[in-house]
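First up is the structure itself, then whatever we jot down about it.
The values are calculated or read from the model by the stated rules, or taken from the named source; none is laboratory data. Source: prediction; values computed, not measured. Methodologically, a virtual Cβ is constructed for each residue, glycine included, from the backbone with ideal geometry; neighbour enumeration extends over all protein chains shown. Protein only, heavy atoms only, side chains kept; ligands, DNA and RNA dropped before computing areas. Shrake-Rupley method; radii C 1.70, N 1.55, O 1.52, S 1.80 Å.
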Amino acid sequence: MKITITKTASPKTKPNDSELGFGKYFTDHMLISDYNEDEGWHNTRIVPFENLSIHPASTVLHYGTEIFEGLKAYRRSDGKVQLFRPMENVRRLNNSAERLCLPQIPEEDSLQMLIEFVKCEQDWTPSSPGTSLYLRPFMFGNDETLGLHSIKNARYVIIASPVGSYYKEGINPVRIMIEDEDVRAVRGGTGYAKCGGNYAASTRAGERAEKKGYSQVLWLDGVERKYIEEVGAMNVMFKIGDEIVTPKLTGSILPGITRKSCIEVLKNQGYTVNERLLSLEELEKAMEDGTLEEAWGCGTAAVVSPIGELCYKDKKCIINNGKIGKVTQELYDTLTGIQWGTMPDTYGWTYEIK
Ligand SMILES: *Cc1c(COP(=O)(O)O)cnc(C)c1O
C-alpha cells in the first residue's frame, strides 16, 4: 500500500529517559488512514503529530465505536530497534473490528503501516534499561450522523510514546482486590475485543480498589460471578501446586499476546500449564491450604506483574510471603530477555526494524 510521508518542520526536544513515565510524551509524527465504502482504506499518511479534527456527531463520540492495540518497540544493546510479535496485534485488531462492525485492514497492509511508522519514529526509542517506545494503534467509527447504522466511514491512527521502565524501584508484588460487584465483560459482549468501552466499564471498580489501597481488581465472570477472569487490564496466572492455571478464553477475556507467550515459554520449560475454568472457590481453597504458590498478571506494559496479596471481602491472603516467586521471575527474565534482545529469540517472535 502507498504511504505518503510529510516530515515535521519543527522536531520536538526528546525528554530524558528518567522523566518518561507512561503515555506522557508523544513522538513527532502520527500515521492516519481513512476508510469509506467506495475506496476502502485510502490516503494513508504519516504526518506531523497534531490534534485530530472530527465532526461533533462522529459515531465514536456518541456510541463508543472504538478499538485499539498496544505494543512496544524495544532498543537492543546493538542500537537496533525491534518489535515483539507484531502480527499478533494486527490479527487481534481485526478480530476486535469484526466484533464492533468496524472495517478490517488487510493483514499485510496493517503490518506495513506499523513498520513504516516505527521506521519513521525509531529515533524516539529510548535506551535506558526497561524503557521502550509504546505504540498505540486505534480505529474509530467516523460517520457524521447521529443515526447508528453500519459504519461507512472510519479512521485508523497510530501514535507512539516513549515510556519509562515499569519497574523503576524493582519488581514489587501488587495487592489485588477480588471484585464481586461490578463486572468487566460478559460472554456475548465485547470482552474479547480490545475496545475503549471495556475500559469505561472497568473504571469504577478500579477506583474503588485504589481508594482501599489496592492497585487493581481481580474480575469474576459476569454471569455467575464464580470464575476468575482477569486482573485489571492484564491476564492472570496462578501456580497451584505443580500446575500453572490461567482462565481459558471463554469470550469475555481479552486474548493477551503476553498470556499466549507465557503459556508457550512455560510449556517449553516443562511446566504443566492448563487453560481452564478456575472458580473462586477453588482459588480460596488453594489460598487456605497453602497450595497457591505464585500468582501474576501478564500484559505488554508490565510483562509480568507478581501478585503479593489477594483480598476477598474481609479475607486476605499473602502469596509467597509477598515476594516475587521463582516461576514468575524466570518468566519475566525470559520474556524481557527476548524483547530487549539480551537473550536469543529461539521462538522467532522478534521483528527487527531495518
Ligand atoms: C491489552 C489487554 C491485556 C493484555 O494483552 P497483551 O497483548 O498481553 O498486552 C489483557 N487484558 C485486557 C483487558 C487488555 O486490554
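Brief remarks follow.
- Cα centroid separation, segment 126-141 to segment 12-42 (Å): 9 Å
- Take the Kirkwood radius over Cα pairs of segment 243-354, plug it into Stokes-Einstein at 37 °C and 0.692 mPa s, and you get 213 µm²/s for translational diffusion.
- Solvent exposure of the chain as accessible area per residue, Å², 1.4 Å probe: 45 Å²
- For the chain, the residue among Pro11, Thr346, Ser132 whose Cα projects farthest onto the positive side of the dipole built from Cβ charges is Pro11.
- Average projected area [Cα convex hull, segment 248-291], square nanometres: 3.8 nm²
- Placed amide H near Leu277: partners under 5 Å, 5+ positions off or other chain: Lys248
- Candidate aspartates and glutamates for bridging to Lys226, where Cα separation is under 14 Å - those fewer than 8 sequence places away on the same chain excluded: Glu179, Asp180, Glu181, Asp182, Glu281, Glu282, Glu284
- Rounded percent of accessible protein surface that carbon and sulfur make up, the chain, 1.4 Å probe: 48 percent
- The 3J(HN,Hα) values that the Karplus relation (6.51, -1.76, 1.60; θ = phi - 60°) gives for segment 292-306 are, in residue order, 7, 8, 8, 8, 7, x, 9, x, 4, 4, 9, 6, 9, 10, x Hz. Gly and Pro appear as x.
- Ratio Rg/Rh, restricted to segment 89-190 and using Cα atoms, in which Rh is the Kirkwood radius: 1.07
- Loop-resident GluC sites (Glu not before Pro) (DSSP state other than H, G, I, E or B) in segment 40-144 with no more than 12 further Cβ atoms inside 10 Å of their Cβ: Glu50.
- Placing +1 on the Cβ of every Lys and Arg and -1 on the Cβ of every Asp and Glu, with nothing else charged, gives segment 67-212 a dipole about its Cα centre of roughly 360 debye.
- Ignoring lysines fewer than eight residues from Lys7 along the same chain, the ones with Cα atoms less than 18 angstrom from its Cα are Lys119.
- Each Lys and Arg adds +1 at its Cβ and each Asp and Glu adds -1 at its Cβ; summed about the Cα centre, segment 43-143 shows a dipole of about 380 debye.
- Ratio of Rg to Rh over segment 165-251 (Cα coordinates, Kirkwood Rh, two decimals): 0.98
- Peptide packing for 239-250, 264-275 was compared via the average number of neighbouring C-beta atoms within 10 Å per residue; ordered from the highest value, the list is 239-250, 264-275.
- Residue with peak Gaussian network fluctuation, the chain [Cα springs, cutoff 10 Å], from Pro344, Pro255, Pro126: Pro344
- The Cα atoms of the chain define a convex hull whose projected area, averaged across directions, is 18.3 nm².
- Result for the chain in a Gaussian network model with C-alpha springs under 10 Å: among Ala295, Ala160, Ala286, the largest mean-square fluctuation is at Ala286.
- Residue among Asn153, Ala97, Asn172 farthest towards the positive dipole end of the chain, charges placed on Cβ: Asn172
- When the chain is treated as a GNM with alpha-carbon contacts under 10 Å, the residue of Leu31, Leu283, Leu93 showing the greatest mean-square fluctuation is Leu283.
- Rg [Å, one decimal], Dmax [Å, integer] - segment 220-306, C-alpha atoms: 12.3, 35
- Charge dipole (Cα centre; +1 on Lys/Arg Cβ, -1 on Asp/Glu Cβ; no other charges) of the chain amounts to roughly 520 debye.
- Whole-percent P(r), segment 1-90, all Cα pairs, 5 Å bins from 0: 3, 9, 11, 18, 25, 17, 10, 5, 2, 0.
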